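Worksheet: the structure to be examined is printed underneath.
Coordinate-derived values only; no laboratory data. The structure displayed is predicted, hence computed values, not measured ones.
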Amino acid sequence: VLLYVVNWLVFGVAFAVFINSIVSISFGYIVYLAGSFSLASLAGMFSVFVPSGLGVREGILMFMLSQVMPLETAIVISVAARLWFTAVELLGIGVVRVVTRFPIAWSAADDSGEDDFSGLPSESKGNV
């Protein structure tokens, strides 16, 4: 449970930094912004009728942010946050794809100095 709390705190601080990169915010709003993001994200996760809470998270986030900033700014931030987090998730998928596409086929214990490609798929042997 503690790791989940730490995870949400990190997401909340990252969200506050993200907002601060768009519009200047007071340090005193960090807890409110982190809580708003967490609440909106959880509502998006529980809204099983739409994929990834699309629109639900943004609507709640826009409402919560509009309490401390102009509505237009809250709308821009809520949409930009969705795009930013989606881009970060796609980047993570890309990194995993690259790492799993090119596995390391040798072990650290192999000190023979010879290349051993036996761990690679047959179409990849010798093409390093």
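Given the convex hull of the Cα atoms of segment 61-106, what is a quarter of its surface area in nm²? For segment 61-106, the mean projected area of the Cα convex hull comes to 3.9 nm². Hey, what D do you get for segment 1-82 in µm²/s if you plug the Kirkwood alpha-carbon radius into Stokes-Einstein at 10 °C and 1.306 mPa s? For these conditions, the coefficient is 125 µm²/s.
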